[in-house]
Amino acid sequence: MSKLIKLPVIKDSRGSLTVIEKLLPFNIKRVYFIYNANGLRGGHRHKLTRQALICLSGSCSIYINNGITEEKVELKHPNHCLLIDPEDWHTMQGFKNNTILLVLASEYYDVKDYINESYD
Ligand code: TYD
């Protein structure tokens, strides 16, 4: 099941700094980010890949369904991190013009790790 965690923010007169260290339940093998997005992204679950989603700029909405429960999470703070398990069917939508969605993943990209069937 997905989990929203708050990342530490170190603030001073020069601004804010957020660090991700010894926080994720996996080692990061891959980093990608989505921007200039409109409409719907995602629309799959995975066999192995675990992911951490952080909206660095703007906001977006994440829909998750693990086959038992479903939820919708608004990501709008760069210190909020949404952890998604492999079985979590997910879509991302509601992108603003300035949205940058950072994704940290536990596995290298492999199309064979995708499951494109939803639970319905
Ligand atoms: P896709 O997984 O459909 O993106 P999203 O889940 O955000 O809608 O990937 C879009 C394209 O990018 C597709 O051709 C596969 C490619 N891609 C990679 O090459 N490496 C990656 O790590 C990712 C996530 C996608």
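Where a number appears in this text, it was derived from the coordinates with a stated rule and is not lab data. This one's a predicted model, so the numbers in the text were calculated from it and none came from an experiment. In this analysis, Cβ positions are derived from the backbone assuming ideal geometry, glycine residues included, and neighbour counts consider all displayed protein chains.
This table checks each residue for (1) closer than 22 Å to ASP120 by Cα; (2) more than 16 Å from the ligand (Cβ to nearest atom); (3) in contact with a His (Cβ under 9 Å, 6 or more places away or on another chain).
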{"position": "SER13", "(1), (2), (3)": "no, yes, no"}
{"position": "ARG30", "(1), (2), (3)": "no, no, no"}
{"position": "GLY39", "(1), (2), (3)": "yes, no, no"}
{"position": "MET92", "(1), (2), (3)": "yes, no, no"}
{"position": "LEU102", "(1), (2), (3)": "no, no, no"}
Subset of the range 10-62, residues assigned to a strand (DSSP E or B), in contact with an Asp or Glu (Cβ under 7 Å, 6 or more places away or on another chain) and closer than 20 Å to LYS76 by Cβ, comes to SER61
Considering every residue within the range 40-61, establish whether at least one is without any contact (Cβ under 8 Å) to a residue 40 or more places away in the chain and surrounded by fewer than 16 Cβ atoms within 10 Å (Cβ to Cβ).
-> yes
Please enumerate the residues belonging to the range 68-120 that are of a type in the set (Gly, Ala, Ser), closer than 19 Å to MET1 by Cβ and crowded, with 18+ Cβ neighbours inside 10 Å.
-> ALA105, SER106
